[in-house]
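First comes the structure, then the notes that go with it.
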Amino acid sequence: MSPSPTPSITSAAPTRPPRPATRPHGQWKVDGTAPLNGNEKWKQEDGGLSVRERIEQVYSRQGFDSIEDTDLHGRFRWWGLYTQRKPGIDGGKTATLEPHELEDKFFMLRVRIDGGQLTTAQLRVIGEISEEFGRDTADLTDRQNIQLHWIRVEDVPEIWRRLEAVDLQTTEACGDVPRVVLGSPVAGIAVDELLDPTDAITEITARYIGVPELANLPRKFKTALTGHPSQDVVHEINDVGFVALRHPELGLGYDLWVGGGLSASPRLGERLGAFVSPDKVADVWLGVASIFRDYGYRRLRNKARLKFLLADWGPEKFRRVLEDEYLHEALPDGPPAPTPTQQGDHVGVHKQNDGRFYIGVTPFVGRVSGTMLTGLADLLERHGSGRLRTTPHQKLVLLDISEEDVEPLITALDALGLAARPSLFRRSTIACTGIEFCKLAIVETKQTATDAVLELETRLAGLDLPQPISLHVNGCPNSCARIQTADIGLKGQLLSDGDGGQVPGFQVHLGGGLASVGRDEAGLGRTVRGLKVTAVDLADYVERIVRRFLADRAETETFAQWAHRADEEALQ
């Protein structure tokens, strides 16, 4: 796709215009660019992209203890690196210890996979890096990335060399930057696809990732594009989202969403009512990202997301500023995309538009390994496939499978630990990294969720569930596992054990969800005062509430509908 003319990417001039006598928010185009906190100061003094040279020339040679503090706890993120949690520190100390007391001398490394698109050669390299440098650990994230653990700074240059040799990168995988661009895992291959967003994703990433002009945003900036009618990229909780539809007069294009985000202050994105033609996607994306750069709130980190600006401006003003100041033209009005008619996780066997098949598979809650990834690359190539996709649901979609290879491949995948026909609970459960590696976590998540799924598969075997019930397990209040948009969302915290001590547990959110089959629009989960469950009792609680739902539901009622109207007593 040939690039179209774009709005200016340059930063605002460092002047301070007149402003009413109220405390400034740190908006560059309103307050000027003078930094109002330490984080903004170091970003302006020496941006995050600059640290790569120091990693390669200094820190990898002199070791962890040589790393300057602002680089370690700031700029390293621009290259996908976070220090991981030191083993043996319990969740009660998460909020009381300083970062250097919590962290180990190892890193989590996030490999950026825009659109989730991978070749088997790329997958094999990631797996080999995991095996050689990361103690054979790997996780599929719900942002289509793959995370590795136990990475030493001494090994980072060699890891970059291997990744970049197969066109992978960790550039801006973390930090106050445009993060990985979510894309439909079935882009270009689904029979019922409306639009293939691959060219738009490629244009955005090629032009705007790793450029200094967008490498100092107020905080992270998340993007999602899909051309599939299942709306498979959780667009409602991204800073900017593009959802394919057919305009009655203008043909195929995208419905534009902005300002979604969860964490401790969840807010669903809103439609701007604007239609974006495929050739304008990158321009509109740049306009929204530039609004965030220029008008986003920078003074307080907990307000430095686009959702807070949208809440204050409203969608009408946001669209007007986008069109007048950044696009310099009006966007056509457009209708909303139709409600999804199928699940968006793509698990199972599906026909491609070329007559071959794609197979969606799931590990347990995103936990894989280098050995599994290299084994999967070998397995796919033996069955004639050279490509696959990651998904926003901690799943994998394997492409280009001939009909005669489908069943033999599914059998081999089961042996590898990847299920194409999982139980409903294995299919619909996701979990964040948790206390095993994350410095923010309070409780363990991956094993807790896996143990619960295994228990539920036995206890609820043969039970006729009308649809999957999503179970999202998060180790802290930040919602990396999207707890507010799950049927059953679990926020990690420590609970009293009744004897003066504490045990790992969760606050329960019920009835959340994004637009999907049986749900016309997204909504946040319900919290019931005092509704908490210990980690060891998790399977007991889920079994109990699922059985109550089945006993109490109206004929066509979904779990989310029931959870929002049920008496509090029924939800305990």
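Observations on the model:
- Looking across PRO315, PRO229, one residue alone is in contact (Cβ under 8 Å) with a residue 12 or more places away in the chain and part of a loop (DSSP other than H, G, I, E, B). It is PRO229.
- Search result, residues across segment 289-312 that are assigned to a loop (DSSP other than H, G, I, E, B) and buried (at least 17 other Cβ atoms within 10 Å of the Cβ): GLY296, TYR297, ARG298, ARG299, ALA304, ARG305
Conditions (1) without any contact (Cβ under 8 Å) to a residue 40 or more places away in the chain; (2) assigned to a loop (DSSP other than H, G, I, E, B), marked per residue:
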| residue | (1), (2) |
| --- | --- |
| ALA187 | no, yes |
| ASP196 | yes, yes |
| ALA200 | no, no |
| THR205 | no, no |
| GLY210 | no, yes |
| LEU217 | no, yes |
| LYS222 | no, no |
| VAL233 | no, yes |
| GLU236 | no, no |
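- Of the residues making up segment 103-139, those that are more than 23 Å from the chain's Cα centre (by Cα), open to solvent by 30 Å² or more (accessible area, probe 1.4 Å) and of a type in the set (D, E, K, R) are LYS105, GLU128, GLU131, GLU132, ARG135.
- Only one of the listed residues (VAL517, VAL542) is of a type in the set (Val, Ile, Thr) and open to solvent by less than 10 Å² (accessible area, probe 1.4 Å). That residue is VAL542.
- Complete set of residues in segment 424-456 that are open to solvent by 40 Å² or more (accessible area, probe 1.4 Å), part of a helix (DSSP H, G or I) and either touching a residue at least 40 places away in the same chain (Cβ under 8 Å) or among the basic types (Lys, Arg) (or both): LEU424, ARG427, ASP451, GLU455
- Total residues in segment 363-401, condition within 18 Å of LEU148 (Cα to Cα) and in a strand (DSSP E or B): 6
- Flag if PRO87 is in a loop (DSSP other than H, G, I, E, B), touching an Asp or Glu at 6+ places or on another chain (Cβ under 8 Å) and modelled with pLDDT of 95 or more: yes
- Test: VAL181 is farther than 22 Å from GLU436 by Cβ and in a loop (DSSP other than H, G, I, E, B): no
- Any pair with Cβ under 8 angstrom, 6 or more apart, that starts in segment 286-298 at a residue that is over 19 Å from GLY210 (Cβ atoms) and ends at one that is outside any helix (DSSP H, G or I) and among the charged types (D, E, K, R): GLY296/ARG219; GLY296/ARG305
- Among the residues examined, SER369 does not qualify as free of Cβ contacts under 8 Å to residues at least 60 places away in the same chain and open to solvent by 10 Å² or more (accessible area, probe 1.4 Å).
- Odd one out for SER265, checked against (1) open to solvent by 10 Å² or more (accessible area, probe 1.4 Å); (2) among the polar types (S, T, N, Q); (3) under 23 Å from GLU213 (Cβ atoms): (3)
- Summed over segment 330-360, residues that are outside any loop (DSSP other than H, G, I, E, B) and either open to solvent by 30 Å² or more (accessible area, probe 1.4 Å) or within 29 Å of GLY269 (Cα to Cα) (or both) total 6.
Residue-by-condition table, conditions (1) in contact with a strand residue (DSSP E or B) (Cβ under 9 Å, 6 or more places away or on another chain); (2) over 28 Å from LEU440 (Cα atoms); (3) in a helix (DSSP H, G or I):
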residue	(1), (2), (3)
HIS25	no, no, no
VAL30	no, yes, yes
ALA34	no, yes, no
ARG54	no, no, yes
ASP65	yes, no, yes
THR70	no, no, yes
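- Only one of the numbered conditions (1) within 25 Å of the chain's Cα centre (by Cα); (2) surrounded by fewer than 23 Cβ atoms within 10 Å (Cβ to Cβ); (3) at pLDDT 95 or above is not met by LEU327, and that is (1).
- Unique match (being assigned to a helix (DSSP H, G or I), under 29 Å from the mean Cα position of the chain (by Cα) and either under 23 Å from LEU440 (Cα atoms) or touching a residue at least 60 places away in the same chain (Cβ under 8 Å) (or both)) among VAL536, VAL503: VAL536
The values are calculated or read from the model by the stated rules, or taken from the named source; none is laboratory data. It should be emphasised that the depicted structure is a prediction, and the values quoted were computed from it without experimental measurement. Cβ sites come from the backbone with ideal geometry, for glycine too, and all protein chains shown count toward neighbours. For accessibility, only protein heavy atoms count, side chains too; no ligands or nucleic acids. Shrake-Rupley method; radii C 1.70, N 1.55, O 1.52, S 1.80 Å.
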